[in-house]
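The values are calculated or read from the model by the stated rules, or taken from the named source; none is laboratory data. For clarity, every value in this text was computed on a predicted model and none was experimentally measured. Ideal geometry is used to build each Cβ from the backbone, glycine not excepted, and the neighbour counts take in all protein chains shown. Areas reflect the complete protein model, heavy atoms only, side chains present, ligands, DNA and RNA absent. Shrake-Rupley method; radii C 1.70, N 1.55, O 1.52, S 1.80 Å.
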Amino acid sequence: METSVPEYVEVDVSVLVVGAGAAGARTAIELAERGVEDVLVLGKRNHGDAHTTWARGGINGALGTHDPEDDWTIHAADTLNEGHFVNDPGKVETVAKQMPARLRELDEWGMDYSRTDDGEIDQRFFGAQSYRRTAFAGDHTGESLLNTLVDRAQSLDVPYRENVMITKLVSDGEQVYGAVGFDMDSGEYVLFNTGTIVLAAGGHAAVYNRHTSRDDENNGDGAALACDAGASLMDMEFVQFHPTGMAVDESDSGWEPWSGRLVTEAVRGEGGRLFNADGERFMERYSPDQMELDARDVVARAIAQEIAEGRGTENGGVYLDISHRDDEFIKERLPRMYERFQDLGVDMSTDPVEVAPTSHYGMGGVVVDDHGETDVDGLFAIGETMAGVHGANRLGGNSLAETIAYGVVAGERIADRVDGAGTIPDDLTECVTEPHIAGLAELAGSNGTHDVDTVFEELQDIMWEHAGLLRNEESLTAGLDALQRVREKADDLDVGPLTSRSFEYAIDIGFMLTTAETILQGARERTESRGAHYRTDHPDTDETWRRNIRYEQADLGRMTTSKASVDSPSEAVQDALDEGHELDYHQLE
């Protein structure tokens, strides 16, 4: 029997930007400034409520405000070092070169930077960076950044549409022709006819049960959509666990919602110290030179080790203490953190806070060229959705930098090529678009066996247990087996109507299954430890593994993998690497 296709609205647009955070906004601004007016920015939430606002600590660029010897080549060298040399050097250099000018441009647009006494853009130390190059706005940098970009976009009359979720790209595997989604308020199905799509949809940290994202954000939308459309993924096994998520008493209803939420690296950047339950400043054992400001993977594993060996706090964490700093300093430099803990009854200026590692960022994502375009013509991926910049471990402050730099780079390329909305071929309408819309209608209100929230959480639990900070082959294999059981349950869900939370989460489960499989599969295949990927059964770094793992969709939804070699950095960046720049923490004492 032929399945009926519900009515849907068609929208013609030359460039569709999926994601209204910093990456999407900056792309749209670049297009508008280059005269491309037929652009539409989509967000899953209310406009201005993107996950960018949760980025606290800062945004990198070698301005040299305090350290004039810093420059873009050293920024690139630090990024490659902490990426353990599986980054794409060209993309690293693009970001490092772009950022000084981009930071100043944001200043011209009115960004509320913190300032030095003489009015310059202030910069702070961040983990594993040789110099003070992290510009910031207190500890609300992402919020200030997005506000600045939204204001700029509105001044340019950039069109946007909020509360729309994209569920599938219309592609023949070689070229993209459009995107299917639904209005989360009205329940209206929408087909966007467009020959250029920019995926700026964030990452996939929320595939883990303990994470720094909202549950309904960073579920792997962008990576899964791109993979389904024919693009490749890369480096998915590299997931960054931020050292300092909130460790709380989850039996306390006042604290439980904050479990795993980010305690910004800026607390350590401003001199915060880590202590175990025995009162030891334990980073002296793990990193005597860089201490709390070593790379995130090093600090996160050190905390995990302290907890595993019985020196953790009652709530399964360690203590982060900045009470040796003056009250006014803390309130000025870390206002949001101070206010958050104050609201929960803890005064950071007098008492330590409990922290533990938490899933924070996916270094992997969609394979793109130097301009952010995938192997599928017309399909771009930027920001946390793309792969290549961060390698095996991301420097704090580089995520916001990447969104801005590649928003500009992708916008430049698209502006040179865009030539109208295009038309979806009839055969794709018949075999892709309309069957997918019919499938969405069938899913909405389906009376299946399994509760959506329960399956969603089961998937997150599997990832934390089997693909967390410490990994081994047996656990990863068990995780893949457990994931297959979740996949079977996902085919038989009890789902609410189209505008319900359960429908959105049912779609998210599909995206998360793709992302979770690539993480588990790649982590099992990479038989070494490198950056954020740590194998207890292969604890050493193996130079024969200085390669990237790529993932592609195969028949029946399975993933195939292949290995790709890594390019060498430019002569200028290699010189900076050879010079051996490194932060000496003790200059802060």
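Brief remarks follow.
- Enumeration of residues in the range 409-428 that are touching a residue at least 40 places away in the same chain (Cβ under 8 Å), more than 15 Å from Val39 (Cα to Cα) and outside any loop (DSSP other than H, G, I, E, B): Val409, Leu428
- Residue in the range 205-218 that is part of a loop (DSSP other than H, G, I, E, B) and at pLDDT 95 or above present: yes
- Residues of the range 553-566 satisfying the condition of being in a strand (DSSP E or B) and open to solvent by less than 90 Å² (accessible area, probe 1.4 Å): Gln553, Met559, Thr560, Thr561, Ser562, Ala564
- Checking each residue in the range 441-489 for being under 17 Å from Met512 (Cα atoms) and free of Cβ contacts under 8 Å to residues at least 40 places away in the same chain picks out Thr454, Glu458, Glu465, Asp481, Ala482, Leu483, Gln484, Arg485, Val486, Arg487, Glu488.
- Among the residues of the range 165-180, the ones that are within 17 Å of Gly202 (Cα to Cα) and not polar (S, T, N, Q) come to 4 in all.
- Qualifying residue in the range 244-259 (condition: within 30 Å of Gln175 (Cα to Cα), part of a strand (DSSP E or B), open to solvent by less than 10 Å² (accessible area, probe 1.4 Å) and touching a residue at least 60 places away in the same chain (Cβ under 8 Å)): no
Residues checked against (1) at negative phi; (2) open to solvent by less than 10 Å² (accessible area, probe 1.4 Å); (3) in contact with a Ser or Thr (Cβ under 6 Å, 6 or more places away or on another chain):
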residue: Ala22; (1), (2), (3): yes, yes, yes
residue: Glu33; (1), (2), (3): yes, no, no
residue: Asp38; (1), (2), (3): yes, no, yes
residue: His47; (1), (2), (3): yes, no, no
residue: Trp54; (1), (2), (3): yes, no, no
residue: Pro68; (1), (2), (3): yes, no, no
residue: Leu80; (1), (2), (3): yes, yes, no
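- In the range 151-172, the residues that are out of contact with any strand residue (DSSP E or B) (no Cβ under 9 Å at 6 or more places or on another chain) and either touching a residue at least 12 places away in the same chain (Cβ under 8 Å) or within 30 Å of Cys431 (Cβ to Cβ) (or both): Asp151, Arg152, Leu156, Asp157, Asp172
- Candidates Leu498, Leu513 - the one that is assigned to a helix (DSSP H, G or I) and open to solvent by less than 30 Å² (accessible area, probe 1.4 Å): Leu513
- Counted residues, the range 527-540 - those being out of contact with any strand residue (DSSP E or B) (no Cβ under 6 Å at 6 or more places or on another chain) and either within 14 Å of Thr561 (Cα to Cα) or open to solvent by 40 Å² or more (accessible area, probe 1.4 Å) (or both): 6
- Residue in the range 125-144 that is over 19 Å from the mean Cα position of the chain (by Cα), within 22 Å of Val263 (Cβ to Cβ), at pLDDT 95 or above and of a type in the set (Ser, Thr, Tyr) present: no
- Number of positions in the range 260-277 that are over 16 Å from Gly142 (Cα atoms), assigned to a helix (DSSP H, G or I) and within 19 Å of the chain's Cα centre (by Cα): 0
- Among the residues of the range 325-378, the one identified as under 30 Å from Ile414 (Cα atoms) and without any contact (Cβ under 8 Å) to a residue 12 or more places away in the chain is Asp369.
- Taking the numbered list (1) surrounded by fewer than 16 Cβ atoms within 10 Å (Cβ to Cβ); (2) under 29 Å from the mean Cα position of the chain (by Cα) in turn, Gly445 passes all entries but (2).
- Sole residue being under 30 Å from Glu517 (Cβ atoms) and either in contact with a Gly (Cβ under 6 Å, 6 or more places away or on another chain) or crowded, with 21+ Cβ neighbours inside 10 Å (or both), chosen from Ala295, Ala266, Ala304: Ala295
- Members of the range 229-245 that are in contact with an Asp or Glu (Cβ under 7 Å, 6 or more places away or on another chain) and of a type in the set (A, V, I, L, M, F, W, C): Ala231
- Boolean, Asp481 is part of a helix (DSSP H, G or I), under 29 Å from the mean Cα position of the chain (by Cα) and either farther than 21 Å from Ala223 by Cα or of a type in the set (A, V, I, L, M) (or both): yes
- For Val455: the one exception among (1) in contact with a Lys or Arg (Cβ under 6 Å, 6 or more places away or on another chain); (2) under 24 Å from Ala532 (Cα atoms); (3) β-branched (Val, Ile, Thr): (2)
- Filtered residue count, the range 388-442, keeping only those that are within 24 Å of Asp172 (Cβ to Cβ) and in contact with a helix residue (DSSP H, G or I) (Cβ under 7 Å, 6 or more places away or on another chain): 3
- Here Ser232, Ser186, Ser213 are screened, and the one residue that is among the polar types (S, T, N, Q), closer than 11 Å to Val366 by Cα and either touching a residue at least 60 places away in the same chain (Cβ under 8 Å) or surrounded by fewer than 24 Cβ atoms within 10 Å (Cβ to Cβ) (or both) is Ser232.
- Residue list for the range 92-113, restricted to those being charged (D, E, K, R) and part of a loop (DSSP other than H, G, I, E, B): Asp112
- Scan of the range 114-158 for residues that are assigned to a helix (DSSP H, G or I), open to solvent by less than 60 Å² (accessible area, probe 1.4 Å), touching a helix residue (DSSP H, G or I) at 6+ places or on another chain (Cβ under 8 Å) and not β-branched (Val, Ile, Thr), ordered by number: Gly142, Glu143, Leu145, Leu146, Leu149, Ala153
- You will find that of Ile121, Ile166, Ile74, the residue that is of a type in the set (A, V, I, L, M, F, W, C) and under 20 Å from Glu582 (Cβ atoms) is Ile74 and no other.
- Glu314 farther than 26 Å from Arg133 by Cα, acidic (Asp, Glu), in contact with a strand residue (DSSP E or B) (Cβ under 9 Å, 6 or more places away or on another chain) and surrounded by 19 or more Cβ atoms within 10 Å (Cβ to Cβ): no
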